[in-house]
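Engineer: This is the structure I want to talk about, given as structure tokens.
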């Protein structure tokens, strides 16, 4: 099965001693970067609801963005994103064999790069998929990417002989995948925090759990859709009663402070 996750706003730009690969949609990313380079600070603040300092940082990033950067300016995608999902993924702990499996099976949806493999070398950026960025293709990044992510995922799934995609991405990012074009069985795990009264999704914990699920699928070599119900990390257990077709639910006792 293929697995998709979201990127993160926060980056860890520490140097990593790994062999980098090239993003498939680098030309499209370069075109978007040129568009971003022309935005004013006010434009950037409004586009992604940024503070002045973050708007300045991202203006500097896009001004420095190169069509053909030196390798020293790049970092591997799965190792430089540093948000909640990546705390769960823990890609830095992968063995060489596990990283090879991740390179084959794990994909990161990206507002700038479209679709990334874990070892694809990227430049620092922030561009959220839900951004209403006007380009020649339309008024949003969904318009810009259109059916590109879906077609690429379908092709990559065929290459590894699977008909299943596990969606561990947020709604914002998976919204860029045209499921009609995708043509794969989509499994979207749901993570719930439970107390005596109810069970509900809490964003902070769900983001981390999606990364943990991706790590578990890779590390355990799970390839059959039914195998996903065996997930049992961080206190979660499969909950058949709360599951629906395509959306297996996993519950755990409500965490302190949640």
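Engineer: Working from Cα positions, state the angle (0 to 90°, nearest 10) between the long axis of helix 203-220 and the longest principal axis of the chain.
Structural biologist: 80 degrees
Engineer: Using Cα atoms only, what is the angle between the long axis of helix 96-105 and the major principal axis of the chain, expressed in degrees (0 to 90) to the nearest 10?
Structural biologist: Compared with the principal axis, the helix lies near 80 degrees.
Engineer: Counting alpha carbon pairs within less than 8 Å and at least 6 residues apart, what relative contact order, in whole percent, applies to the chain?
Structural biologist: Values: 444 pairs, mean separation 60.8, N = 258.
Here the relative contact order equals 24 percent.
Engineer: Where the centre of each part is set by its Cα atoms, how far does the stretch 62-121 sit from the stretch 192-235, in angstrom?
Structural biologist: If we compute the Cα centre of each part, the gap is 22 Å.
Engineer: Still on this structure, I have one more. Would you look at the GNM of the chain, springs on alpha carbons closer than 10 Å, and say which of 212, 85, 140 moves the most?
Structural biologist: 140
Engineer: What does the C-alpha gyration tensor say about the overall shape of the stretch 37-146? Classify as rounded when a/c is under 1.5, otherwise prolate if a/b is larger than b/c, or oblate.
Structural biologist: Numbers: a/c = 1.94, a/b = 1.71, b/c = 1.14.
Since a/c reaches 1.5 and a/b is larger than b/c, the shape of the stretch 37-146 is classed as prolate.
Engineer: Taking only Cα atoms, what is the 0 to 90° angle, nearest 10, from helix 26-37's long axis to the longest principal axis of the chain?
Structural biologist: The angle comes out at about 60 degrees.
Only the coordinates and a few stated rules stand behind these numbers; no lab work does. Source: prediction; values computed, not measured.
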